[in-house]
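Encoded as structure tokens, the structure appears first; notes follow it.
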Amino acid sequence: MPLVYHPDYSFPFPPRHRFPMEKFARLAAYLRGQNILTPGNCYRPGPCRQQWLTQTHCPEYLQRFYRNTQSDKERRQMNLPWSEGLVKRTFLAPSGTVLTAQLALQHGVACHLAGGTHHAHHDYASGFCILNDLAIAANVLARQNEGLQVLVFDCDVHQGDGTAALLQNEPRAFTCSIHCKQNFPFIKKQSDWDVELPAATQDEAYLDTVRSTLLAAIEQVQPDIVLYDAGVDVFEGDPLGQLRITESGIRQRDNLVLSELKKAQIPVATVIGGGYDDDRATLARRHAIVIEEAQRVFGR
């Protein structure tokens, strides 16, 4: 099973910052320890092509970020301290999601050990997201494959507002977001399909919603590939969550999504999405669930 990762996804970063930058390296280390990530199945992306970036994002915005000439407002929206390490990882990760999607089309499934930066908009950052890898990947796929239909199935606890806005005029991409109604972003954008859950939703109701929404989306969209954002900030103990989903519930969610897509013979590319637990080692293992379930479901 192809896994996509780059060691520059994590870099020296303020340890007390709310965004857990070290989780990508910890996730890779955990998967190596489980013999899931190996030299034989690890694919390393290069920097994202300029054409791919400007299909989705404002060129002037990209240059301001690259040169560290953003306004004070832009820095507050980004909410991440600028550094050369941040620039490098920011321009690598969207390319990783594109590569994951391309591998999924070849192999039926592929998993990215990053991605899911769904709050980034055309010309501004938001919610720790600078570039929107899901929208970039959907646009690249649509332009590289004539007639291909993409379903973005977003199960992060927060609405994929940036993805919704960026893909609203792209008929070859359908955005579906299942999220907590009361959570960030507090001003929502309109996805092609939004499913809003009340705070404190628990496993049974959540899993029923995920299953029924996915099956209906498959029937309606008839996608040729699914980009699956498997955010673990739905976890009951996540500090930015507000839902009450157990780790068992997360595992059941990922298994059912992947199982239904395999049954329907629809390729799936997974990204890890949000997760903010202060226990970084536990968080990394939680992010590994979607990759473990992908291996279990697809049997390789």
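The values are calculated or read from the model by the stated rules, or taken from the named source; none is laboratory data. Keep in mind the model is a prediction, meaning the values are calculated, not measured. All Cβ positions, glycine included, derive from the backbone under ideal geometry; neighbour counts span all protein chains shown.
Key figures for this structure:
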| read-out | value |
| --- | --- |
| Tally of residues being touching a strand residue (DSSP E or B) at 6+ places or on another chain (Cβ under 6 Å), closer than 13 Å to VAL150 by Cα and assigned to a helix (DSSP H, G or I) across the range 212-236 | 2 |
| Of all residues making up the range 48-86, the number that are part of a loop (DSSP other than H, G, I, E, B) and in contact (Cβ under 8 Å) with a residue 40 or more places away in the chain | 10 |
| Check on ASP254, of a type outside the set (Phe, Trp, Tyr) and within 19 Å of ILE291 (Cβ to Cβ) | yes |
| Tally, over the range 202-247, of residues that are touching a Leu at 6+ places or on another chain (Cβ under 6 Å) and either at pLDDT below 95 or surrounded by fewer than 18 Cβ atoms within 10 Å (Cβ to Cβ) (or both) | 2 |
| Qualifying position, being over 30 Å from GLN144 (Cβ atoms) and either free of Cβ contacts under 8 Å to residues at least 60 places away in the same chain or in a loop (DSSP other than H, G, I, E, B) (or both), among MET21, MET1 | MET21 |
| Every residue from the range 139-160 that is within 13 Å of GLY116 (Cβ to Cβ) and either outside any loop (DSSP other than H, G, I, E, B) or acidic (Asp, Glu) (or both) | VAL152, PHE153, ASP154, ASP156 |
| Test: residue in the range 88-99 that is of a type outside the set (A, V, I, L, M) and outside any helix (DSSP H, G or I) | no |
| LEU134 vs. criteria among the aliphatic types (A, V, I, L, M), outside any strand (DSSP E or B) and over 12 Å from ALA269 (Cα atoms) | no |
| Answer residue from the range 257-300, given it is assigned to a loop (DSSP other than H, G, I, E, B) and among the aliphatic types (A, V, I, L, M) and is farthest from LEU214 (Cα to Cα) among those | ALA288 |
| Subset of the range 243-256 [in a loop (DSSP other than H, G, I, E, B) and either more than 19 Å from the chain's Cα centre (by Cα) or farther than 30 Å from PRO14 by Cβ (or both)] | THR246 |
| Residue match in the range 189-196 (condition: in contact with a Cys (Cβ under 8 Å, 6 or more places away or on another chain) and either at pLDDT below 95 or farther than 28 Å from TRP52 by Cα (or both)) | yes |
| Conditions (1) in contact with a helix residue (DSSP H, G or I) (Cβ under 8 Å, 6 or more places away or on another chain); (2) farther than 18 Å from GLU204 by Cα; (3) surrounded by fewer than 19 Cβ atoms within 10 Å (Cβ to Cβ); number of the one not met by ASP278 | (1) |
| Test: residue in the range 185-200 that is over 30 Å from PRO7 (Cα atoms), in contact with a Gly (Cβ under 8 Å, 6 or more places away or on another chain) and buried (at least 18 other Cβ atoms within 10 Å of the Cβ) | yes |
| When residues of the range 194-210 are limited to those that are outside any helix (DSSP H, G or I) and among the small types (Gly, Ala, Ser), the one farthest from GLY162 (Cα to Cα) | ALA200 |
| Residue, nearest to the chain's Cα centre (by Cα), within the range 104-126, restricted to residues that are surrounded by fewer than 24 Cβ atoms within 10 Å (Cβ to Cβ) and part of a helix (DSSP H, G or I) | LEU105 |
